[in-house]
Each structure stands twice: as C-alpha cells, then as structure tokens.
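Asks: One structure, as structure tokens, below. Some questions next.
The values are calculated or read from the model by the stated rules, or taken from the named source; none is laboratory data. All values derive from a computational prediction rather than experimental measurement. Note that each Cβ is placed from the backbone with ideal geometry, even for glycine, and that neighbours are counted across all protein chains shown. Note: areas computed on protein heavy atoms with side chains; ligands, DNA, RNA excluded. Shrake-Rupley method; radii C 1.70, N 1.55, O 1.52, S 1.80 Å.
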Amino acid sequence: HVIAVTGEKENAPTVRLITQSFVALSKLAKFTSIDSKLSNDEKQNLPIPLPEKSNGFNLTHTIVLNLPTTTTKEVYDAIFKSLKENLG
C-alpha cells in the first residue's frame, strides 16, 4: 500500500523509510482490542462497526470529495451515483 499511496517504485528511499518507520513504531505499540474497553451503548454509537474478530490490524480509508460549485442537481446526482457504483 505504501507504493500505491506514494506512487514511488518498490526500491525508492521514500518507500523504504516509511516502511521502516511503520515497523519501528509497531514494535513500540501496545495493540489491544478497543472492543473490550467499550460498553454496549458506546459500541452501538460507533460510526463504523467493529470487526467481529481481528487477527492483526485494520486500515481505514478517508475519501475527501471536493464538489464543484454548481446549481445543477444533475451534476451532484451523477457524482454520487458514480461513487455508489464504484465504491459500493
């Protein structure tokens, strides 16, 4: 994923440094399940459901969509239809 995000080649210094940083920080981290720390009410109010079981770590993606300035409803309808088709 580092290669895809950076657009760099596999042997690029940027990719190597990002990967080394991640590995070093992972060794320092204390991975515990958030599920065990939350009440049932808190779990229900999460914006994204917790996975049933996790064998490692999960990554999330945030999509930032800069919408064009327009007064035409059809433009927005087309954008969100495309998002639904391609991300759903």
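Asks: List the pairs whose first member sits in region 58-74 and is more than 30 Å from F22 (Cβ to Cβ), whose second member is of a type outside the set (A, V, I, L, M), and whose Cβ atoms are under 9 Å apart, counting only residues at least 6 apart or on separate chains?
Replies: Filtered contacts from region 58-74: L67/Y76; P68/Y76; T70/Y76.
Asks: Considering only residues that are open to solvent by less than 100 Å² (accessible area, probe 1.4 Å) and in a loop (DSSP other than H, G, I, E, B), which ones fall in region 59-77?
Replies: L65, L67, P68, T70, T72
Asks: Please determine, by comparing only the residues of region 1-14 that are among the aliphatic types (A, V, I, L, M) and not in a loop (DSSP other than H, G, I, E, B), which one is surrounded by the fewest Cβ atoms within 10 Å (Cβ to Cβ).
Replies: Out of the qualifying residues, it is A4.
Asks: Return the residues of region 15-41 that are modelled with pLDDT under 85 and surrounded by 11 or more Cβ atoms within 10 Å (Cβ to Cβ); say none if nothing qualifies.
Replies: Listed by number, the residues that qualify are S33, I34, D35, L38.
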